[in-house]
Amino acid sequence: MRESLVQIGALVGKEFRLEWRQRYALNGMLLYIVGAVFVCYLSFNARRGQLAPIVWNTLFWLIQLFTAVNAIAKTFVQERAGRQLYYYTLASPQQIIVAKIIYNTGLMLVLALLGFSVYAFVLGSPVEDVPLYIGSLLLGAIGFAASLTLVAGIAAKAENSATLMAILSFPVMLPLLLLLLKVAKNAMDGLDRSASSDELMTILAIDAIVLALSYLLFPFLWKS
Amino acid sequence: MKTNWWKALAVIILTYTIFWGLIGPTPRQPILNESIRNVYFHVPLWFGMITLMLTSLVFAVRYLRKGDLGDDMVSVEFANTAILFGILGCATGSIWANYTWGEPWPNDPKLNGVAVSMLLYIAYLVLRGAFDDEQRRARISAVYNILAFAVFIPLIFILPRQTDSLHPGNGGNPAFGKYDMNSQMRMVFYPAIIGFTLLGVWITQLRVRLRRLQLVMEE
């Protein structure tokens, strides 16, 4: 158990080092979310002040969704097949998927926080309960990372993986996205925390289901 | 006849459902009126679809455990029939909604959930088209099938119950059976569920046989 945790730690470290060495991919994603926020800001600029809170919230989560799909799609295509085979001989598939999910959660969290700060900076922030909003970002990062890592693994096995990634992941993300939108909206309106507790529990449950499924199903993907 | 008794049962039950469903007595409800008879067709189609999806999932799991391509074929055909039932369920529901809720596609979480789950299963078919190698296609699509079902459950059973929904049994509404259905209706409704599910299994069986024959012909 302990040894396995050390191995997962080593794999997560490997992911971070890999990202740091190929910095263009990381910079690309950071620029992607900043660019997307800016495009939205300028597009709505003509009617500044008319951005209703609900539009503000939905727009932000849509940017998050597209960034997540783009950022996580490259999880498995960035390394060559030969090197993946090498990992296969070193570690169990469960360790690999757990390491990838941990790494992607971290990545999503960085992207979400950056996106949120830039978004709030240029478009103004009507959020009243900031800790809860950031909490929803955290839960979203875990859920997006877990479900998209598995889907990225599926899509990477096919040739036309960019389109496939989108069509496979959008319906999978939807239940999570709807619940997150609702919690984020509650946080924005500054409602009492107890109003969101049902949704938070359901999000946690969905996160748990997706994590368990990734853990169980990834070995079958890895084999092929 | 020994092994085919359930097909005869399906024919008998469905004949009974159609005749007695259309001419049998129903309670007079405001707004619903005669359209309450749709409960014999619309609701059993959904029950059938969920059963077919579950069976598709069971065969996907079986394929992953044993690696028999036959299981994969059965799994995809069950998914196909489930999609057919889903489309029929949407169509019957749409007609019903047009007369009772005023528009064919009201913005209801359950309807949207179903539309998304149809997207999920169509994405499953698209995914299958992306592979040439049979073993690889079978394994990867089986993984997606399991994921799709796991997402389908919250979409249909959890989310609509948390928000406002027009459907009975959701968003704080009482379930249909509680007030609107009487025992005469149940005499048709419960057999109809069995009948439509059996029909789905029958369609799937025919499709699987056709696929097997095509495989033999190719060889």
Helix B:5-23 vs. chain B, principal-axis angle (Cα, 0 to 90°, nearest 10): 30 degrees
Dipole in debye (nearest 20) - region B:41-218, about Cα centre, beta carbon charges: Lys, Arg +1; Asp, Glu -1: 400 debye
Volume in Å³ per residue [convex hull over Cα atoms, computed for region B:58-171]: 94 Å³
Dipole magnitude of region A:2-223, debye to nearest 20 (Cβ charges: Lys/Arg +1, Asp/Glu -1, about Cα centre): 740 debye
Theoretical ellipticity at 222 nm over chain A - DSSP helices of four or more residues, -39500 (n - 2.57) apiece, nearest 500: -29500 deg cm²/dmol
Convex hull projection area averaged over all views, chain B, Cα basis, nm²: 13.9 nm²
Per-pair calculated FRET efficiency, R0 = 25 Å: A:LEU62 and A:LEU26 via Cβ, rounded to 0.05: 0.65
Mean Cβ count within 10 Å, highest first, over the residues of peptides B:199-212, B:68-81: B:68-81, B:199-212
Per residue value of the accessible surface for region A:2-223 (all protein chains in place, 1.4 Å probe), Å²: 46 Å²
Complex-versus-alone comparison for region B:99-127, residues with a loss of 20 Å² or more in accessible area, probe 1.4 Å: B:VAL116, B:LEU120, B:ALA123, B:VAL126, B:LEU127
Within chain B, helix-based [θ] at 222 nm, where runs of 4 or more DSSP H residues each add -39,500 (n - 2.57), nearest 500: -25500 deg cm²/dmol
Degrees between helix B:183-218 axis and first principal axis of chain B (Cα, 0 to 90, nearest 10): 20 degrees
Pairwise label distance in nanometres, A:ASP198 with B:GLU103, each label 7 Å out on the Cα-Cβ vector: 2.4 nm
Rg [Å, one decimal], Dmax [Å, integer] - the protein assembly as shown, C-alpha atoms: 24.5, 75
Test item: B:62-69 mean partner chain Cβ contacts at 10 Å: 1
DSSP loop trypsin sites (Lys or Arg not before Pro) with at most 11 other Cβ within 10 Å: longest gap in chain A: A:81-224
By accessible area with a 1.4 Å probe, ligands and nucleic acids excluded, highest first: order of B:TRP5, B:TRP46: B:TRP5, B:TRP46
Gap separating the Cα centres of region B:80-137 and region A:1-40, nearest whole Å: 36 Å
Rounded tilt (10° steps) of B:42-66 against the dominant C-alpha axis of chain B: 20 degrees
Per-residue average of Cβ from other chains inside 10 Å of A:169-177: 6
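In whole percent, and with a 1.4 Å probe on the protein chains, what portion of the accessible area of chain A is carbon and sulfur?
On the way: 7010 of 10410 Å².
Accessible surface attributable to carbon and sulfur in chain A totals 67 percent.
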Interface A:B - total buried accessible surface [probe 1.4 Å, Å², rounded to 100]: 2300 Å²
Net length gained if the chain between A:SER4 and A:LEU216 were fully extended (0.36 nm per residue, minus Cα distance): 74.7 nm
Region A:2-223, relative contact order [Cα under 8 Å, separation at least 6], %: 27 percent
Solvent-accessible area per residue for region B:41-218 (1.4 angstrom probe, square angstrom): 46 Å²
Average other protein chain Cβ within 10 Å of Cβ, residues B:8-17: 0
Mean separation of Cα contacts under 8 Å (6+ apart) over length of region B:41-218, as relative contact order %: 31 percent
Within a Gaussian network of chain A (alpha carbon springs, distance under 10 Å), most fluctuating of A:GLY106, A:GLY140, A:GLY124: A:GLY124
Area of B:SER183 that stays accessible when all protein chains are in place (1.4 Å probe, Å², to 10): 80 Å²
Proximal lysines relative to A:LYS14, as straight alpha-carbon distance under 24 Å, when same-chain residues fewer than 8 apart are discounted: A:LYS74, A:LYS100, A:LYS157, A:LYS223
Convex hull projection area averaged over all views, region B:41-82, Cα basis, nm²: 2.4 nm²
Largest-first ordering by accessible area, 1.4 Å probe, given options A:LEU5, B:LEU120: A:LEU5, B:LEU120
Prolate/oblate/rounded call for region A:2-223, Cα gyration tensor, a/c under 1.5 rounded: prolate
Convex hull volume per residue for region A:8-123, taking Cα atoms only, in Å³: 98 Å³
Percent accessible area from carbon and sulfur atoms, region B:1-120, protein chains only, probe 1.4 Å: 71 percent
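The values are calculated or read from the model by the stated rules, or taken from the named source; none is laboratory data. No experiment lies behind these values; they were computed from the predicted model shown. Cβ: placed from backbone, ideal geometry, glycine included. Neighbour counts: every protein chain shown. Surface accessibility is based on the protein's heavy atoms, side chains included, excluding ligands, DNA and RNA. Shrake-Rupley method; radii C 1.70, N 1.55, O 1.52, S 1.80 Å.
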